[in-house]
């Protein structure tokens, strides 16, 4: 009887520990497992969890229930995703889905859907149309700006702390990956929009300075909440997306004006990252050069199997970029030959390539170390 009671108490204790991220620390060292996973999770994960902040490039459903025009929870979005449309702005995986797989984690749930033990491996707070600035994306009505995404993370953190206690929660968080991909909408759905005053108030460099000043404060807030391992995604060659190409009836090729516009932001983010690495004890920030990744894909399109780089697989109008993918529209059949899925977003194939290169690429792609090296620190 005493043995049975002892075993029962031990089982209860184990279950309580597994409700928090602390249970996953043993997984990292290969000394334990996570009973919530079918295979026990032994040795499969290189970090306890990944927390994701960003916009539609990595949103996986947080806008589904918002009064928003920025949604992708309808077919043909998700046409190549197991389970169909989820709110991902892709035909399948996003970049962070691939990174999660590379880290040995399951797909990270959206904050809007995650509850209970679903947060064990992290949470995705990204929201389509969201920006660094709260005012960004208002044309789409509902969206979750970066400031609010951070507040949503605090809600998750409260749940973790309640289960683990402050000390264990802090120890676990320090091992987690914090992926942040912000800034695209601050240009596409703010600075470049005619109904915003921003372009009259700031030149390109001034606007980049404004954004990164705010961005620095937000990242410091995450650090103060316990984040230590940061992956920052730079802005891509935004002058090359079908939406921008569709705005010119005469120009051939990418808009160099737009490409040049975002360069100061990327430069500022790199400078900020180096400063934060030097100033914040225990912090490790790394930078994923999305623009360089895109240039590599275009330069080696044939090697990767791409044949269409200047229009969307799904969309309407010039370059299939004037109106984005509509409900039940028939997309292209040869999706793996397209760089862009719709007016703004890459195909799953591009997302997977970028995710893998960010995970194990060299310093020309991800600096100063890659995600795999960051995870193993």
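Derivation of every value follows stated rules applied to the coordinates shown; laboratory data play no part. Every value quoted in this text rests on a predicted model; they were computed, and no experiment measured them. Note: ideal-geometry Cβ built from the backbone for every residue, glycine included; neighbour counts use all protein chains shown.
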Worksheet item: Label residue 260 and residue 65 with points 7 Å out from Cα along Cα→Cβ: what is the distance between them in nm?
Response: 4.7 nm
Fill in: Computed log₁₀ I(q)/I(0) - Debye formula, equal Cα scatterers, no solvent, segment 51-197, q 0.15, 0.17, 0.21 Å⁻¹
-0.75, -0.94, -1.30
Fill in: Kirkwood hydrodynamic radius (C-alpha pairs) into Stokes-Einstein, the chain, 25 °C and 0.890 mPa s, D in µm²/s
115 µm²/s
Worksheet, complete the sentence: Plugging the Cβ-Cβ distance of residue 206 and residue 134 into 1/(1 + (r/R0)^6) at R0 = 25 Å yields, to the nearest 0.05, a FRET efficiency of 0.85
Worksheet, complete the sentence: Taking alpha-carbon centroids only, segment 103-129 lies from segment 325-377 a number of Å equal to 19 Å
Worksheet, complete the sentence: With the label point 7 Å along the Cα-to-beta-carbon line of residue 75 and a cut-off under 18 Å to each amide N, the hits in segment 334-377 are 334-335
Worksheet entry | Simple spin-label estimate for residue 224 and residue 170 in nanometres, 7 Å along Cα-Cβ | 1.5 nm
Worksheet item: If only Cα atoms are counted, what is the Rg of segment 181-220, and what is its Dmax, in Å?
Response: 10.4, 32
Worksheet item: How much of the calculated P(r) for segment 216-280 lies past 17 Å, in percent of all Cα pairs?
Response: 53 percent
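Can you give the alpha-carbon Rg of segment 223-377 over 2.2 N^0.38 Å, where N counts its residues?
So segment 223-377 has a normalised radius of gyration of 1.16.
Please compute the length gained on full extension between residue 250 and residue 295, using 0.36 nm multiplied by the number of residues separating them and subtracting their Cα-Cα distance.
Values: separation 45, 0.36 × 45 = 16.20 nm, distance 2.28 nm.
Here the answer is 13.9 nm.
What value does segment 146-266 have for Rg/Rh, both radii from Cα atoms and Rh as Kirkwood defines it? Numbers along the way, then the final one.
Numbers: Rg = 18.3 Å, Rh = 16.6 Å.
We get a ratio of 1.10 for segment 146-266.
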Worksheet item: How large is the convex hull of the Cα atoms of segment 92-156 per residue, expressed in Å³ as a whole number?
Response: 101 Å³
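Provide the percentage of antiparallel DSSP beta bridges, counting only those with both residues in segment 48-376; round to the nearest 5. Numbers along the way, then the final one.
Details: 7 of 25 bridges.
The answer is about 30 percent antiparallel.
How much FRET efficiency would the formula 1/(1 + (r/R0)^6) give for residue 307 and residue 196, where r is the Cβ-Cβ distance and R0 is 30 Å, rounded to 0.05? Spell out each step's value before the answer.
Numbers: r = 36 Å, r/R0 = 1.21.
With R0 = 30 Å, the Cβ-Cβ based efficiency is 0.25.
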Worksheet, complete the sentence: With R₀ set to 45 angstrom, the calculated FRET efficiency between the beta-carbons of residue 275 and residue 118, to the nearest 0.05, is 0.80
